[in-house]
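Okay, structure first, notes after.
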Amino acid sequence: MTYHNAIKYIKAAPDTTPSGESSKKRLTALLSALGDPQKKIKYLRLAGNNGKSVCAQMLTSILNEAKICNGSLTMPLHEDLRENIKVNGAPLSIEETVRYTEQVVAAATSINEIAKKSGEPHFTPTAREIMICIALLQFVTKGCKLALVECDHNTDDPSRFLPVPLSAVICGAIPSDDTDEISKIRSYVQRGINEITSVPQDQGAYEIIAKTCHSINCRLTISMPQNAKVSAINLRGTTFMHKGQEYTIRICGRFQVANAILAIESAEMLTRNGYSISKENIKKGLLNVTLPSKFEIISISPTIIIDSTHSPIAIEAVSDSMAEFKHITGNKVRLCLPYGDLCEQYVSALEARGYEIESLIAYTEDTAAPPKASSYPITFCKSIKQTTATALSRLTADTLLLVSGISDFSDAIRYETLASLGF
């Protein structure tokens, strides 16, 4: 099998479990045919609606400082699938992608040989099932002492059928009416998890989670970012005090302080569970972490910020962080976004904070994208290169450029922008 064929196999796989089939039974059968790698790995479950990838990268940097071999599996799938699976922060290699995909194909073939004899339906693994198996095979082969597994917002998330995690980390506030996400958290607790670390939740969600934890004596730790004292915040980073310790992160925005404190609490939870992580490991890990396309300031004059945000909660957080620098950057903003609901959500959030929308550069592959009446000019672009060139064209020092959207879009614009700037 070539690398091209391996990627083609994964991307051509079904997106969801066939109707009437058990996701748990399917994943169990596939992992069993691969030698049950899930039984050889301890992992943290990263849940919640916002901040999972940031928390995973912060924890990866901390674990690397502590010399603890670690793996991570992120969802949903990236354009470059190797970026979904990493060991010590390094993506899966081309050779490893091919090798593990071949093993999954062989496992599926063995399942179908048995199914044919018993008259059961033909088994075709979904893309998520394939990626979970590849990740676990990689983690076991590399000797990972801990894996970070992000939950998928897709309701058909087979990773929820992995063995009970060492702990769950809830990375974003869960609305009380998000019954699916709360149900997932309750299922982890009820299956025997011994500890949960969470950002502050609203009253309804907190009461459900706390009651469930109390019922089986599961420890619940709530990180308290509001107690942190920010001593320095600028376009190059942030310094803050937490529990009498000073930390510096080379990323800006108060919401990143909240993510850092959750990572600190999660690292302290790991020490309670036998992992050797010192205060210095945590400090150096946070200091060294970089977050491409996560409120990343890639130019100061003119100011260019790239953030892979696409949820209403995250848009509010990004807008709040931008407002802290308005005295430096001014109040004019040029937006570069995929065309859709995201545009109006950003405009509304920024205007509520006193920003003037200088223009909107909207990316769309729809050749019939209609002109939109608004109080600011809109330019529609049909390619990433055209979008980037238009966004950067005649950008002045008193106008901030904000690029945002799903990671595939923001990462592509980031690459083109850096190339245009000569990096």
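The values are calculated or read from the model by the stated rules, or taken from the named source; none is laboratory data. Being a predicted model, the structure only gives us computed values, none of them experimental. Please note: Cβ atoms are built from the backbone with ideal geometry, for glycine as well, and neighbour counts cover all protein chains shown.
What tally of residues in segment 21-38 results from selecting those that are without any contact (Cβ under 8 Å) to a residue 24 or more places away in the chain and in a helix (DSSP H, G or I)?
Our first condition is that a residue be without any contact (Cβ under 8 Å) to a residue 24 or more places away in the chain; within segment 21-38, this holds for 22, 25, 32, 35-36.
The next check asks that each one be in a helix (DSSP H, G or I); those that pass are 25, 32.
Total satisfying the criteria: 2.
Could you tell me whether any residue of segment 89-102 is at positive phi, within 16 Å of the chain's Cα centre (by Cα) and in the same structural domain as I7 (by TED's automatic domain parsing)? Checked against the condition, which is being at positive phi, within 16 Å of the chain's Cα centre (by Cα) and in the same structural domain as I7 (by TED's automatic domain parsing), segment 89-102 yields at least one hit. Within segment 380-406, being touching a residue at least 24 places away in the same chain (Cβ under 8 Å), of a type in the set (S, T, Y) and under 19 Å from G340 (Cβ atoms) holds for T387, T388, T390, S404. Residue count for segment 365-389 satisfying the condition of being modelled with pLDDT under 95 and touching a strand residue (DSSP E or B) at 6+ places or on another chain (Cβ under 6 Å): 8. Quick check: is even one residue across segment 316-332 under 30 Å from A66 (Cβ atoms) and either part of a helix (DSSP H, G or I) or not acidic (D, E) (or both)? There is at least one residue in segment 316-332 that is under 30 Å from A66 (Cβ atoms) and either part of a helix (DSSP H, G or I) or not acidic (D, E) (or both).
Being assigned to a helix (DSSP H, G or I), among the hydroxyl-bearing types (S, T, Y) and surrounded by fewer than 21 Cβ atoms within 10 Å (Cβ to Cβ) is a condition met by no residue of segment 122-132. Only one of V164, V169 is closer than 25 Å to T17 by Cα and either in a loop (DSSP other than H, G, I, E, B) or in the same structural domain as L44 (by TED's automatic domain parsing) (or both). Can you tell me which? Checking each option against the conditions leaves just V164.
Tallying residues that are within 17 Å of K42 (Cβ to Cβ), part of a loop (DSSP other than H, G, I, E, B) and hydroxyl-bearing (S, T, Y) within segment 252-292 yields 2.
Can we say A47 is in the same structural domain as A267 (by TED's automatic domain parsing), hydrophobic (A, V, I, L, M, F, W, C) and under 30 Å from F409 (Cβ atoms)? Against the criterion (in the same structural domain as A267 (by TED's automatic domain parsing), hydrophobic (A, V, I, L, M, F, W, C) and under 30 Å from F409 (Cβ atoms)), A47 qualifies. A count restricted to segment 162-200 and to residues that are surrounded by fewer than 15 Cβ atoms within 10 Å (Cβ to Cβ) and within 12 Å of T212 (Cα to Cα) stands at 5. Give me the pairs, please: first residue somewhere in segment 343-361 and exposed (fewer than 13 other Cβ atoms within 10 Å of the Cβ), second residue anywhere and among the charged types (D, E, K, R), beta-carbon distance under 9 Å, and either six or more positions apart or on two chains. Hits for this filter: G354/K326.
Pairing each residue of segment 1-20 that is part of a helix (DSSP H, G or I) with any residue that is of a type in the set (G, A, S), provided the two are 6+ apart or on different chains, yields C-beta distances under 8 Å for I10/A127; K11/A127.
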